[in-house]
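So the structure is just underneath, and the comments pick up after that.
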Amino acid sequence: MAANVRVLGIVLAGGEGKRLWPLTADRAKPAVPFGGNYRLVDFVLSNMVNAGFLRICVLTQYKSHSLDRHVTQTWRMSTILGNYVTPVPAQQRLGPRWYTGSADAILQSMNLITDDKPTHIVVFGADHVYRMDPRQMLDQHIESGAGVTVAGIQVPRDQADQFGVIDAAPDGRVLQFLEKPKDPPGLPDNPEVSYASMGNYIFTTEALVEALRVDAEDPTSVHDMGGSIMPWMVEREDAWVYDFNKNEVPGSTERDRAYWRDVGTMDAYYDANMDLVSVHPIFNLYNDSWRIYTHHEQLPPAKFVDGGLAQESIVGAGSIISGSTVRGSVLSPNVMVRNGAYVENSVLMDGVIVGEGAVVRRAILDKNVSVEPGAHIGVDLELDKQRYHVSDGGVVVLGKAERALA
C-alpha cells in the first residue's frame, strides 16, 4: 500500500438474520458460531487484518452483546501503532432512531470517518464465509480512479436471481446494479454467467461522504448500500466491478479458489459447515498462509475413549467421544458424545451433550443443547417438525440450551 493511502475498514454487522432463527434468537447473525472454533465475523476481520487493514470499526445493532464481547476480547490490536478493531453500537447521533439501512448505519457513524481521516473506506459485510485479499481490490480501485468498486463473484446466470447482480461493461465499469432480477445480465465474455454482488465495497472517502449526504436527503430512499448508494454511483458512471475470481490468496488451491458462501439461510449455513469436513475440503481451514483468527479457550485436547471414533469430522478441544461414533460432522469445543451414541452429518456447538444410545443425523444443535439418552433427531422428520425447527432442506435445528427428549 502506498504511504499516502490510509484505509478505514467498516464492517456492517447489524444484521438480524431472521432466516437463521433459532440460531439468531439470542445473538446477532455475525456472532453465530461456524466451523467449530469461529464466529462468522472472524472471516471478514481475518481478511482485513491479513491484508494490513488494521483500523476497523464493526457497526452493530441487533442483539449485539455476544458479538461485542467477542470482538472486544478477541480482536486486540497494537494501540502503540494506532491500530484497532472496535465494535460501534448504534449511537442515535442523528436523533432518537435506530439504523434504517446499511447506508444509514454509516451516515449515523460519520464521526468515525471524520476522526480517522482515511483516504479510502473499505465497507464489507460480516456474515459471509470466504478468504479474500482485499489489497488487490484496493489496488484496482486506485488504478481505475473509481469512486466505488464492488466485488463480484461469477455465478451461473440461472442462479443469479438470488443475488444483487452487477451488469458490467468489458472494461469493468458498472452499467446497472440490479436487486434479484428475474432476467440477470450475463458477463460480456460469457453470457451464461453473471456477476453476483458479494456486498463488499471500496470507496474513496469523498465519494462515499457525498453519496451518503445525497441519500440522506432523499425521502424515497431505503438507505441501503446495494439498493440506494450503488445505483446512485452507477448513474454518475463512477462505479467499477472487481472480479473475485481473479483474487490470489496465499496458500489457496484450485479446489478452494474463489470460495464464497452467503450463509443467510439455515440450509446454506449447514452446507457451508459440511464443506469443511472432507479429506480435501472445498474450503480449507488449514491454510497457514492466510489464517482465520479467533479466540481459543484454554482447554485440554479432544479425547476418544472406550472405542470412540470420529471420521471425516472436525472435533474441538475439550470434547470427549466416548464409545460412540461421529461421522461427517463439525463439533465445537466441550462436546460430549456418550457411549453408544451416533452422530452423522451434523453441527454440534459448544457444550452439547449427546446421551447414551442417542442418534443425531443432519442436525444443528446450538450451544448447551442436551440430547437425552436414546433420543432420535433427524430420523423421523415428521416427528421432528412437531418438536423442533426443521429447515426447508430437512435439517433439524435446536436452539440454545434446548433439550431433546427420548
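The values are calculated or read from the model by the stated rules, or taken from the named source; none is laboratory data. Note that the structure is a prediction, hence the values are computed from the model and not measured. Neighbour counts run over all protein chains shown; Cβ positions are idealised from the backbone, glycine included.
Among the residues that make up the stretch 316-328, is at least one of them of a type outside the set (S, T, N, Q) and in contact with a helix residue (DSSP H, G or I) (Cβ under 6 Å, 6 or more places away or on another chain)?
Within the stretch 316-328, not a single residue is of a type outside the set (S, T, N, Q) and in contact with a helix residue (DSSP H, G or I) (Cβ under 6 Å, 6 or more places away or on another chain).
Would you tally the residues in the stretch 266-282 being closer than 14 Å to Tyr130 by Cα and aromatic (Phe, Trp, Tyr)?
Residues in the stretch 266-282 being closer than 14 Å to Tyr130 by Cα and aromatic (Phe, Trp, Tyr): 1 in total.
What is the one condition in (1) outside the structural domain of Asp161 (by TED's automatic domain parsing); (2) closer than 30 Å to Gly393 by Cα that His295 does not satisfy?
Result: His295 fails condition (2) only.
Mind counting the residues in the stretch 359-394 that are of a type in the set (A, V, I, L, M) and surrounded by fewer than 23 Cβ atoms within 10 Å (Cβ to Cβ)?
Just the residues of the stretch 359-394 that are of a type in the set (A, V, I, L, M), to begin with: 359-360, 363-365, 369, 371, 375, 377, 379, 381, 383, 390.
Subsequent filtering for residues that are surrounded by fewer than 23 Cβ atoms within 10 Å (Cβ to Cβ) retains 359, 375, 379, 381, 383, 390.
Total meeting the criteria: 6.
If Asp392 meets every condition in (1) over 21 Å from Val326 (Cβ atoms); (2) acidic (Asp, Glu); (3) in a helix (DSSP H, G or I) apart from one, which number is that one?
Here Asp392 meets the rest and fails (3).
Among the residues of the stretch 119-131, are any under 15 Å from Asp243 (Cα atoms) and in the same structural domain as Val193 (by TED's automatic domain parsing)? Reasoning before the result, please.
From the stretch 119-131, those under 15 Å from Asp243 (Cα atoms) are 130-131; that's our starting set.
Filter once more, keeping what is in the same structural domain as Val193 (by TED's automatic domain parsing): 130-131.
Yes: the stretch 119-131 contains one or more residues that are under 15 Å from Asp243 (Cα atoms) and in the same structural domain as Val193 (by TED's automatic domain parsing).
All but one of (1) buried (at least 16 other Cβ atoms within 10 Å of the Cβ); (2) touching a Gly at 6+ places or on another chain (Cβ under 9 Å); (3) modelled with pLDDT of 95 or more; (4) not charged (D, E, K, R) hold for Pro300, so report the exception by its number.
Against the list (1) buried (at least 16 other Cβ atoms within 10 Å of the Cβ); (2) touching a Gly at 6+ places or on another chain (Cβ under 9 Å); (3) modelled with pLDDT of 95 or more; (4) not charged (D, E, K, R), Pro300 comes up short only on (1).
Only one of these is hydroxyl-bearing (Ser, Thr, Tyr), assigned to a helix (DSSP H, G or I) and in the same structural domain as Ala196 (by TED's automatic domain parsing): Thr86, Thr114. Name it.
Details: Thr86 fails: assigned to a helix (DSSP H, G or I).
Sole residue among the options that is hydroxyl-bearing (Ser, Thr, Tyr), assigned to a helix (DSSP H, G or I) and in the same structural domain as Ala196 (by TED's automatic domain parsing): Thr114.
Which ones in the stretch 321-379 are hydroxyl-bearing (Ser, Thr, Tyr) and within 19 Å of Lys303 (Cβ to Cβ)?
Ser322, Ser324, Thr325, Ser329, Ser332, Tyr342
Looking at (1) under 17 Å from Val277 (Cβ atoms); (2) more than 24 Å from the chain's Cα centre (by Cα); (3) free of Cβ contacts under 8 Å to residues at least 24 places away in the same chain, find the lone condition where Val379 falls short.
With respect to (1) under 17 Å from Val277 (Cβ atoms); (2) more than 24 Å from the chain's Cα centre (by Cα); (3) free of Cβ contacts under 8 Å to residues at least 24 places away in the same chain, Val379 is out only on (1).
Can Asp256 be described as part of a loop (DSSP other than H, G, I, E, B), closer than 29 Å to Gly152 by Cα, of a type in the set (Asp, Glu) and not assigned by TED's automatic domain parsing to the domain that holds Asp133? Give the steps one after another, and end with the answer.
Details: part of a loop (DSSP other than H, G, I, E, B): yes; closer than 29 Å to Gly152 by Cα: yes; of a type in the set (Asp, Glu): yes; not assigned by TED's automatic domain parsing to the domain that holds Asp133: no.
Answer is no for this residue.
Looking only at the stretch 303-358, which residues are of a type in the set (Gly, Ala, Ser), out of contact with any Lys or Arg (no Cβ under 9 Å at 6 or more places or on another chain) and surrounded by fewer than 24 Cβ atoms within 10 Å (Cβ to Cβ)?
Listed by number, the residues that qualify are Gly307, Gly308, Gly316, Ala317, Gly328, Gly340.
How about the stretch 127-239: which helices (runs of 4 or more DSSP H) wholly inside it have at least 1 residues that are under 22 Å from the mean Cα position of the chain (by Cα) and aliphatic (A, V, I, L, M)?
Once the helices (runs of 4 or more DSSP H) in the stretch 127-239 are filtered for at least 1 residues that are under 22 Å from the mean Cα position of the chain (by Cα) and aliphatic (A, V, I, L, M), what remains is 134-144, 230-235.
Within the stretch 9-46, which residues are surrounded by 22 or more Cβ atoms within 10 Å (Cβ to Cβ) and farther than 30 Å from Asp392 by Cβ?
The answer is Gly9, Ile10, Leu45.
Is it the case that the stretch 256-265 has a residue that's under 20 Å from His128 (Cα atoms), aliphatic (A, V, I, L, M), crowded, with 21+ Cβ neighbours inside 10 Å and at pLDDT 95 or above?
no
What number goes with the only condition from (1) in contact with a strand residue (DSSP E or B) (Cβ under 7 Å, 6 or more places away or on another chain); (2) buried (at least 17 other Cβ atoms within 10 Å of the Cβ); (3) on the phi < 0 side of the Ramachandran plot that Ser221 does not pass?
(1)
Yes or no, residue by residue, for (1) under 19 Å from Ala13 (Cβ atoms); (2) hydroxyl-bearing (Ser, Thr, Tyr); (3) out of contact with any Lys or Arg (no Cβ under 9 Å at 6 or more places or on another chain):
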position: Ala105; (1), (2), (3): yes, no, yes
position: Ser109; (1), (2), (3): yes, yes, no
position: Val123; (1), (2), (3): yes, no, yes
position: Tyr130; (1), (2), (3): yes, yes, no
position: Gln154; (1), (2), (3): no, no, yes
